[in-house]
Each structure stands twice: as structure tokens, then as C-alpha cells.
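All remarks here apply to the structure that follows.
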Amino acid sequence: MSITTPPGTAEAGTVSQDELALAARNHGMPLEALAYDVTPVGMHYLLTHYDVPYVDPATWTLEVDGAVERPLSVSLDQVRARTAVTEPVTFECAGNGRALLDPRPISQPWLLEAVGTGSWTGTPLAAMLSEAGIADGAVEVLFTGLDRGVEGDIEQTFQRSLPLEDALRDEVLLAWELNGAPLPPQHGFPLRLVVPGWYGMTNVKWLTRITVLDEPFSGYQNARGYRMRQDPDEEGTPVSRMAVRALMVPPGIPDFATRRRFVDRGEEQLIEGRAWSGEGAIESVEFSADGGATWGRADLSAEAGPHAWRGWSIRWTPSAPGDTEVCCRATDAAGREQPAAPPWNLGGYSNNAVQRVPVTVR
């Protein structure tokens, strides 16, 4: 029997060689790393659209231009000499969970591991824009990276814009350090944008130019990429802030090939995880040991920061042998709760459905 799938999608269970090549270049965070308040650099998720550029810090400059009164050209040392701020910030790829959709959008085949929390050090963007002097009529700020490639049949450097009011928020940083060390090449050395609360594509890496615009940016990554649509011909709506989500460290021990978990009957399990939202603080996390039929409220840890994930935990003692499914879901201060089923869209974006982990009780 043939299955009709929308353009740009594939049947469940099929992954192309091209997608395997993407998966080999990029990597997720092992879910057991949810145990860390701050994700070790090598475990933090990574997505690189094109190639990782080689950058000589001695000759690199950051240009600030466009609708400004005083264009700037600053070296890395001059950027680092500015007021420094260090904040833990959670990043999540907009396509996290894409591979769980059916039909599955063709792209980087993320399961649930495209997330991480880094301790980012940088200087507030707003101060640099103020120094340049924003001209009357400015509406957006465009960020240009050094990575270059072809996407949607368009040759481009990676560029994303933010509405001016979002770019001027105090928490937006120009970051040069991750976890107390210079940015690794794959994470945007020597400088990247950090926009707390927004999905990962917003945090432009290998930043080389900031341009203040007097009209909305119409480049690919804003106008075509990262938009919620059901059909390729739709204009769609832009992907922006992270949806509310909780993830758990899978309990017990795994099967090597299937990753199914095994626990022993009567042995108490400490279930731990993290929850976050780009729309407000985490209000509650719930856990289910029976596939979502019943739920229990987890304990929340203290907040590590306004833009970092929040720890949660609950104890579960498996009482009957056999197969079950453990789940978790979060609710944020805006009243948003994770859905039971994934919301489908053509790009596979913002899939924040309840995490489900198959478990065999022995």
C-alpha cells in the first residue's frame, strides 16, 4: 500500500543518506546530561547549517552599520573590554522532536536531544547599539554570521533578524565565552549572539556584522526558513520563542540498540529532569508511570536563573512486571501545558509533545 506524504516529508521509519550525513555533523545532548545544571560543552547540542568557518581572531572585526548615526568597527579585544555579564541560558533547536512526527519532515532528524544549557559570558547588545545611535524609523536588527552555503536553492550567509524591541532587551548578549572558556569553533568562535528564550537558530554564530534596518528583513532564514506552515505555498508564521517542555533522564538501564529501559520491580527510582519555556517561568511538572492515564506532581528545584531550565524530581516504585511507558509534562507561568500529541507542521518545528519513554519492569 502506498502512503501519500506532503512535499518535503518522508514516511515514518525512513531516513535518507543525506539526513544521516546531517546527523553525523550535528549532535544532540545525551538525556542523561540533564543531571547537570550547566551542560558540559562537549555534551551540549550542536547544529551547524553550513561549514564551520576558520576565523583568525587577530584580524576579525565586528561591524555595526545600517540605520545608525555612528557606524562601529570593533576588534575582539575591544568587544571583550566592554562590560561583561555571565548568565546560564537554555538553548533548544526549533526542530527538536522532528523525527517523531508522522509524516516526518525531511531535515536534521532530531529526537529529543537538541537542547543544552550553557553559562554564556558576553556584553549586552543594547549598549553597543546605543553607542552606534539608532536612527529614527529603525524596525529590526539583522545579524550576519561568517558561515555560507546554499539553502532553498539560495546562496547565502546565515542571517537572522530580530524586532528592534527584542534586540534591545537587557538579556541579549554578544557572547565570547561558554562555560568559562573561549567559544569553541563549532559554537561560534570568536563571537555569537545569545537571545534567551528564543529557539536556537536566533543565536547567530560566527557573528561578523550587525545591521540596523528601517524595514523588515526579507532574507531566506526569516522569510522562508523557520516558519510554521502546513503547506509549502503558505507564507506561514515565524518561529520565535521556545515552547514549554519537560524532559527526564530515562530511568534504569538501556538496551544498546533500541534504547528501551529496564528497571526492577519494587526498586525505587528517582526520576529527575529539567523543564523550560521561552514564554515564562516553569510553574509545575507532572510525571506519569502509566502512559499518561494518571499523573503525579514532581518537586521543583530552585531556579538557576530566569533564562535557564529548572530541575524537577519525583520518586517512582515499579509495582508490577511488564511493559509500561513513563511520561512527563510541564506547565509555565503563562498557563501553557505540553500537548499529549505532537502538533504537526511542514518544518517539524516547536514539537513540544509529552516525552514518552518505554520501560520494561523486570
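Some points to look at:
- Against the conditions (1) of a type outside the set (A, V, I, L, M, F, W, C); (2) surrounded by 15 or more Cβ atoms within 10 Å (Cβ to Cβ); (3) farther than 30 Å from PRO342 by Cα, THR48 satisfies every one except (3).
- Of all residues in segment 111-128 being out of contact with any Cys (no Cβ under 6 Å at 6 or more places or on another chain) and in a loop (DSSP other than H, G, I, E, B), the one that is farthest from VAL38 (Cα to Cα): LEU111
- Segment 197-220, subset touching a residue at least 60 places away in the same chain (Cβ under 8 Å) and small (Gly, Ala, Ser), residue nearest to VAL89 (Cα to Cα): GLY197
- Number of residues in segment 121-131 that are over 23 Å from the mean Cα position of the chain (by Cα) and surrounded by 19 or more Cβ atoms within 10 Å (Cβ to Cβ) equals 1.
- Filter result (in a strand (DSSP E or B) and in contact with a helix residue (DSSP H, G or I) (Cβ under 7 Å, 6 or more places away or on another chain)) within segment 163-179: LEU173, LEU174, TRP176, LEU178
- Counting only strands (runs of 3 or more DSSP E) wholly contained in segment 223-298, the ones carrying 2 or more residues that are among the aliphatic types (A, V, I, L, M) occupy 245-248, 269-276, 282-288.
- Count of residues meeting criterion [out of contact with any Leu (no Cβ under 9 Å at 6 or more places or on another chain), of a type in the set (D, E, K, R) and outside any loop (DSSP other than H, G, I, E, B)] in segment 129-152: 3
- Tally, over segment 148-160, of residues that are in contact (Cβ under 8 Å) with a residue 24 or more places away in the chain and either over 13 Å from TYR220 (Cβ atoms) or hydrophobic (A, V, I, L, M, F, W, C) (or both): 2
- Pairs where the first residue, in segment 324-346, is touching a residue at least 12 places away in the same chain (Cβ under 8 Å) and not assigned by TED's automatic domain parsing to the domain that holds ASN96 and the second is basic (Lys, Arg) and assigned to a strand (DSSP E or B), C-beta under 6 Å, 6+ apart: GLU325/ARG356; CYS327/ARG356; GLN338/ARG329
- Among the conditions (1) over 30 Å from PRO321 (Cα atoms); (2) in contact (Cβ under 8 Å) with a residue 12 or more places away in the chain, the only one that ASP233 does not satisfy is (2).
- Flag for VAL194 being aliphatic (A, V, I, L, M), buried (at least 22 other Cβ atoms within 10 Å of the Cβ) and over 20 Å from THR90 (Cβ atoms): no
- Among (1) surrounded by 12 or more Cβ atoms within 10 Å (Cβ to Cβ); (2) on the phi < 0 side of the Ramachandran plot, the one test that GLY252 misses: (2)
- Number of positions in segment 27-45 that are buried (at least 18 other Cβ atoms within 10 Å of the Cβ) and closer than 26 Å to THR157 by Cα: 4
- Exactly one residue out of SER319, SER313 is assigned by TED's automatic domain parsing to the domain that holds ASP255, within 21 Å of LEU270 (Cβ to Cβ) and in a strand (DSSP E or B), and it is SER313.
The values are calculated or read from the model by the stated rules, or taken from the named source; none is laboratory data. Just so it is clear, the model here is predicted, and its values are computed rather than measured. Don't worry about glycine lacking a Cβ; one is built from the backbone with ideal geometry, like all the others, and counts go over all protein chains shown.
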